[in-house]
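None of the figures in this text is laboratory data; all of them are computed from the coordinates on show. The shown structure was predicted, so the numbers you read here are calculated from the model rather than taken from an experiment. Here Cβ is always computed from backbone atoms with ideal geometry, including for glycine, and neighbour counts include all displayed protein chains.
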Amino acid sequence: MRAAEVVPGKPAASRVVDREVVPVDGELLVEGLLAGLCGTDVEIIRDGFGVLPPGRDHIVPFHESLGRVLSAPEDSGFYEGDLVAGVVRRPDPEPCPACAVDAWDFCRNGKYTERGIKELDGYGMQRWTVPPKFAVKLDPTLGDAGVLTEPASVVAKAWATASAVAARSHLPVRSALITGAGPIGLLAALLGVQRGLAVHVVDRVTDGRKPDLVTTLGATYYPDLAKVTAEVDVAIECTGAAPLIWECARRASVTVLAGLTGEHDPVPLDPGVFDGMVLRNKAIVGTVNAGLPDYLAAAEALSGASRPWLHGLITRRVPLDRFTDALERRPDDVKVVVDLA
Ligand code: BGC
């Protein structure tokens, strides 16, 4: 079978190699169908983010997966032919109080590992193995859209966080502001609409696929945050841009941060935001990665979504042999996937 390999920070060293996959006792053997590309993968390959597996000078990239089960241990609940996605993170071995209860997405000591990102090979290969506990069974009718499970899990955790924080102040959540209409923002909008909320999505683009996807969903699109006049209860901030973060926090009772700033310079504070946090119990809370309940929520959300809408998020496919083509950004790209077949 063939596998992608990269050296973090050395894009020219990217290659596709022949590899043997050895089935592991007690694990699923999976035929890799698709791998999704996200900003983290670009940061790994171009900028050297990520951590190599111990003693190795390369890593198999990609943490967004879709595969079909080739064989499964008896009593695992999985069967040959099942459509599955693999979980990204593995608990730290110590384990910390969070990992001890399988809440690896809240790992306290940073010793967790992540497939395709931190010390473990990713899903960018034609065959992979995974313990049943770290696989999620998908609605077989999802087809290629199953590759959106991991980003949807990140978003499901963001929504679970928003609900938990809103519940603290008895806030009835009726409307949401989503900043950024990339895959994370669009999936956040999907889950918001599925919750019956009035959803307002902001991005820079003025036309093309993103506004269309937002409108088709039944949400409202704005090319400028200043144009949003509606009141919003919750904001899910997916851009990491400081001015947008402050604006979300100024408007919403609960702001969930799902994007990294990428900034290294200090940014000016908005004192009004802090006063609102004190006087009106407003909150800003960050979220990363996802736990098993979030993956299950993601699988359910995707299963209940319109198939043409989900497929509309996948804007480009590149073959495994040319997986580095996925890295070049094209204007109307939403989710670019690597075809592993
Ligand atoms: C992934 C998360 C991961 C994070 C940091 C994101 O792109 O979706 O699962 O925890 O990167 O490595």
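Set the Förster distance to 22 Å, then compute FRET efficiency between LEU70 and ARG19 from the Cβ-Cβ distance, nearest 0.05.
Calculated value: 0.90.
Work the Kirkwood hydrodynamic radius out for region 52-176: mean of 1/r over every pair of different alpha-carbon atoms, inverted, in Å.
Every distinct Cα pair counted, the radius reaches 16.4 Å.
Between LYS137, LYS111, LYS210, find the one with the highest GNM mean-square fluctuation for the chain; connect C-alpha pairs within less than 10 Å.
LYS111
Would you mind checking which residues have amide H under 5 Å from LEU33's amide H? H placed 1.01 Å from N; only 5 or more apart, or other chain.
Result for LEU33 returns LEU66, GLY67, ARG68.
How far apart, in nanometres, would the label points at TYR79 and GLU263 be if each is projected 7 angstrom from Cα along the Cα-to-Cβ direction?
5.3
Can you run the Rg to Rh ratio on region 269-327? Use alpha carbon positions and the Kirkwood inverse-distance Rh.
1.23
Do you know the relative contact order of region 153-286, to the nearest whole percent, from alpha carbon pairs under 8 angstrom that are 6+ apart?
24
Just need log10 I(q)/I(0) for region 153-286 at q = 0.11, 0.16, 0.21 Å⁻¹, Debye formula, equal scatterers on the alpha-carbon atoms, no solvent, rounded to two decimals.
-0.34, -0.74, -1.28
Write down the Å³ per residue value for the convex hull defined by the alpha carbon atoms of region 113-221.
159
Quick one: what do you get for the chain if you divide its Cα Rg by 2.2 N^0.38 Å?
For the chain, the normalised Cα radius of gyration is 0.98.
Evaluate the distance, in nm, between pseudo-label points positioned 7 Å from the Cα of GLU300 and of ARG322 along their respective Cα→Cβ axes.
It works out to 4.1 nm between the two label points.
Below 8 Å between Cα atoms, with a sequence gap of 6+, how large is the relative contact order for region 27-128 in percent?
About 36 percent, as a whole number.
Per the Kirkwood definition applied to all pairs of different Cα atoms, how many angstroms is the hydrodynamic radius of region 241-341?
17.3
Say we join alpha carbon atoms closer than 10 Å with springs in a Gaussian network model of the chain; which of GLY192, GLY48, GLY86 then has the biggest fluctuation?
Highest fluctuation among the options: GLY48.
Give the calculated FRET efficiency between LEU279 and PHE106 to the nearest 0.05, with a Förster radius of 25 Å applied to their Cβ-Cβ distance.
0.30
Taking only the alpha-carbon atoms of region 133-176, what semi-axes of the equivalent ellipsoid follow from 5 times the gyration tensor eigenvalues under a square root, in whole Å, largest first?
Listed largest to smallest, the semi-axes of region 133-176 are 29, 12, 8 Å.
Select from region 1-107 those trypsin sites (Lys or Arg not before Pro) which occupy a DSSP coil region and have at most 16 other Cβ atoms within 10 Å, ordered by residue number.
Sites meeting the loop and neighbour criteria: ARG19, ARG56.
What lysines sit close enough to LYS157 to cross-link, taking a C-alpha to C-alpha distance under 22 Å and skipping anything fewer than 8 places away on the same chain?
LYS111, LYS118, LYS133, LYS137, LYS282, LYS335
Grab the beta carbon distance between GLN194 and SER169, set R0 = 25 Å, and tell me the FRET efficiency rounded to 0.05.
My answer for the efficiency is 0.60.
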